[in-house]
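Structure first, then comments.
The numbers here are math on the coordinates, done by the rules we state, and not lab data. Fair warning: this is a prediction, and the values are worked out from it, not measured in the lab. Positions of Cβ are backbone-derived with ideal geometry, glycine not excepted, and every protein chain shown enters the neighbour counts.
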């Protein structure tokens with residue numbers, strides 16, 4: 001009974017000044033400005049919700065080897081070459097992907113995740129695991 005009371009106590013909300021209540025003492029967002037977080041959320045949404053972005057990132061998370069453009073092209077059915085090229089350039093510009101072009105005929109271009117990209121993919125996988133866990137809950 002004492003353990004139950006203790007665990008209930010740790011999830012009780014408390015108000016900190018004029019900010020939102022904290023429901024868990026280990027909340028890592030304490031002290032953050034909600035408006036700033038919303039602006040950052042907008043940037044994140046801009047980055048990962050564009051068509052094709054997740055389809056590019058997920059195959060890269062499953063390997064430490066670079067992935068060639070042609071492999072993306074084959075695995076991303078329904079995506080135009082233009083859309084694929086735009087997304088790859090955006091991810092490279094944002095420091096998520098590293099691009100390496102070889103001076104060969106036919107041209108060979110390979111992509112790999114940067115450390116920033118690896119962290120992003122790990123976060124996305126965490127969201128996918130959360131979705132899988134709770135999508136079957138009633």
Whole-number percent relative contact order across region 53-138, with pairs defined as alpha carbons under 8 Å at least 6 apart: 30
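At 0.36 nm per residue, minus the direct Cα-Cα distance, what do residue 131 and residue 43 gain on full extension? Give it in nm, one decimal, please.
Values: separation 88, 0.36 × 88 = 31.68 nm, distance 2.17 nm.
Between residue 131 and residue 43, full extension yields 29.5 nm more.
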For a label point 7 Å along the Cα-to-beta-carbon line of residue 104, residues of region 77-98 with backbone N under 19 Å: 98
Overall Cα dimensions of region 70-138 - principal axes, largest extent first, Å: 55, 28, 16
Region 32-74 residues near the modelled residue 114 label - backbone nitrogen below 16 Å, point 7 Å along Cα→Cβ: 44, 47-48, 57
